[in-house]
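First the structure, in the form of structure tokens, and then the observations on it.
The values are calculated or read from the model by the stated rules, or taken from the named source; none is laboratory data. All values reported here derive from a predicted model rather than from experimental measurement. Note that each Cβ is placed from the backbone with ideal geometry, even for glycine, and that neighbours are counted across all protein chains shown. Each accessible area value is taken on the protein alone, full model and side chains, heavy atoms only, with ligands, DNA and RNA left out. Shrake-Rupley method; radii C 1.70, N 1.55, O 1.52, S 1.80 Å.
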Amino acid sequence: MSTVIAPAGSARGQARRGGGYEQPQGRRSNFELYSWFFMRLSGLILIFLSLYHLVWWNLIVGVEHLSADLVRERWQNPFWRFYNVALLLFAMLHGLNGLRYSIEDYVRKPGAQVAVKAVAYTLILTSMAIGAFALFTYNPAVAAAAR
Amino acid sequence: MAIVDRAKSLSAALTYRGREGMWTWILHRATGLGILLFLIIHVVETATVIYWPQLYEGFLDTYKSAFFRFAEVLIFFSVVYHALNGTRIIVQDFWPLAMRRQRQLAWAAGGLTVLAMIPITFLMIRPLLGGPEPGEERHRQRIERQQATVPATTPVVQVTP
Ligand code: HEM
Ligand code: HEM
């Protein structure tokens, strides 16, 4: 079927015409198998999380009506903070792993690959931590004081 | 077994798969990386809403600018396409028979994306052409509710039964 073979040293499944990778065979380490499965699971969850987020802010609320107050009002409800934590977590980790696929495809020199990965992971994990910090430490009283 | 390097250069990356499969794959990767780039900026920008609300309002002004409205449509398109094409990939993984209809399914994902984006683009761009902003009615009701709950500063006549 597929004529394209994954790069040496990668335990990822074979790239497939039309997108995606074949399910890797779990041998020595099952990491690639879990990562393959995680991409699919998080993808299915993200369909609902990300599309509802986009429909809500762009089509139901309207960007012209956005304000800090409106966001804080929404964050009063723990459900929406939890929702955002889930969206943040799944989108970032799904994106991180997707970016890893791309880096492994385009940056072939081992040393350079480690360096690029380090920069990319730091960037993504830092922004994820900042976002999670905002959501977890949200306190209506503090927010009101900082007006 | 010969090891065929998957991508030696961008041009190689853009040509080695051929036909529809190549384009769906490039678009899937480009939209995924594009959303990720936006997401990193978006999350840091949103985090300012608690301690620096004025700064956050400044970011919101960007969202409201005419130029960024097109960016929002592009982001919306990216998520819709990536979601539909991703669903196709997942369906093909867990239901092998669907692999035989790969080309048709790829066209279906692309077609559904275009179909969905027609009304979405219309609603999001219409305000630039003088049309109404989405959520106008909600917004009006919210302002009314706010005014009704702050009688201290505004001399609103309270009708009490
Ligand atoms: C909306 C629902 C989504 C679905 C159904 C979905 C599904 C998928 C699938 C099935 C893959 C292929 C994984 C593989 O090849 O093993 C993938 C790759 C990827 N996704 Fe998503 N995804 C979604 C949302 C997102 C979001 C929000 C982002 C950005 C943060 C993202 C970024 C990526 C990236 C960068 C790749 C790698 C592309 C490549 O290797 O060519 N995805 N996605
Ligand atoms: C261009 C269209 C978009 C607009 C107008 C928008 C608007 C907003 C607004 C107003 C908030 C703060 C209120 C809330 O908690 O929901 C927010 C937060 C958030 N958005 Fe979006 N968004 C857009 C696209 C996206 C996309 C495509 C993603 C992910 C794939 C995303 C992920 C998030 C996350 C994770 C948060 C929570 C951030 C945090 O505090 O950590 N957004 N967005």
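Across segment A:29-139, Cα pairs under 8 Å and at least six residues apart give a relative contact order of 33 percent.
Each label was represented as a point 7 Å from its Cα along the Cα-to-Cβ direction; for B:Phe68 and A:Asn77 these points are 2.4 nm apart. Spin-label model, A:Ser29/B:Leu37: points 7 Å from Cα along the beta carbon direction are separated by 3.0 nm. Placing unit charges on each Cβ (+1 for Lys and Arg, -1 for Asp and Glu) gives segment A:29-139 a dipole about its Cα centre, and among A:Leu87, A:Leu44, A:Ala129 the Cα reaching farthest toward its positive end belongs to A:Ala129. Of the residues B:Trp52, B:Val80, B:Pro96, the one whose Cα sits farthest towards the positive end of the charge dipole of segment B:24-145 is B:Pro96 (charges of +1 on Lys and Arg Cβ, -1 on Asp and Glu Cβ, taken about the Cα centre). For segment A:1-107, carbon and sulfur atoms together expose 66% of the accessible surface, with a 1.4 angstrom probe and every protein chain in place. Measuring nothing but protein heavy atoms, the accessible surface of segment B:24-145 at 1.4 Å probe radius is 74 percent carbon and sulfur. Taking both sides together, the accessible area buried where A meets B is about 5500 Å² for a 1.4 Å probe. To the nearest 10 degrees, how steeply does helix A:110-136 sit against the main Cα axis of chain A, on a 0 to 90 scale? That helix lies at roughly 20 degrees to the long axis.
Could you give me D for segment A:43-115, from Stokes-Einstein at 37 °C and 0.692 mPa s, where the hydrodynamic radius is the Kirkwood radius over C-alpha pairs? Units µm² s⁻¹, please. Stokes-Einstein gives a translational diffusion coefficient of 223 µm²/s.
Which of A:Ile103, A:Ile45, A:Ile60 ends up with the largest GNM mean-square fluctuation for chain A, with Cα atoms connected below 10 Å? Result for chain A, Cα springs under 10 Å: A:Ile60 fluctuates most.
Using the heavy atoms of the protein chains and a 1.4 angstrom probe, tell me the accessible area per residue for segment B:24-145 in square angstrom. Can you show the working numbers first?
Numbers: 6580 Å² over 122 residues.
Solvent-accessible surface per residue comes out at 54 Å².
Sorted from longest to shortest, the spans of the Cα atoms of segment B:24-145 along the three principal axes equal 55, 32, 28 Å. When only the Cβ of Lys, Arg, Asp and Glu is charged (+1, +1, -1, -1), the dipole of chain A relative to its Cα centre reaches about 460 debye.
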